[in-house]
Amino acid sequence: MAIPKFNDVTTLSNDEISEEIVKSKKQLFTLRFKKATRQSFKSHEIKHTKRRVAHLKTLLKLRSDSIEK
């Protein structure tokens, strides 16, 4: 799995972005739970998921700021 690109999420609508944020946060919770219980998982997925959540939140914030202006 490659590091997610910011350009990949710019084509999504605001509703799709919100759904992706929820899905990514659930995945992040699952990965952290696996880490805490010492189950096998790919450790780089935590970093990628956190980055994806940050990209999505940033894009949503930029869009809401541009609507307000």
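Quick note: the coordinates plus some simple rules give every number you see, no bench work behind them. Only a predicted model underlies this, so the values are computations on that prediction, with no experimental measurement involved. A quick note on method: Cβ atoms are made from the backbone with ideal geometry, for glycine too, and the neighbour counts reach across all protein chains shown.
A few comments on the model shown:
- Nearest-ten-degree value, helix 44-68 long axis tilted from longest Cα axis of the chain: 20 degrees
- Of LYS35/LYS61; LYS34/LYS61; LYS23/LYS61; LYS34/LYS57; LYS26/LYS61, pairs whose Cα-Cα distance is over 27 Å: LYS35/LYS61; LYS34/LYS61
- Neighbour-count ranking [beta-carbon atoms within 10 angstrom, fewest first] of ARG52, ARG63: ARG63, ARG52
- Residue-averaged 222 nm ellipticity for the chain, from DSSP H runs of 4+ at -39500 (n - 2.57), nearest 500: -24500 deg cm²/dmol
- Near-label residues of the stretch 1-35 by backbone N, under 17 Å of a point 7 Å along Cα→Cβ of ILE67: 10-22
- Counting only alpha carbon atoms, the long axis of helix 14-36 and the longest principal axis of the chain meet at about 20°.
- Each Cα pair under 8 Å and six or more residues apart adds its separation to the average, and for the chain the resulting relative contact order is 43 percent.
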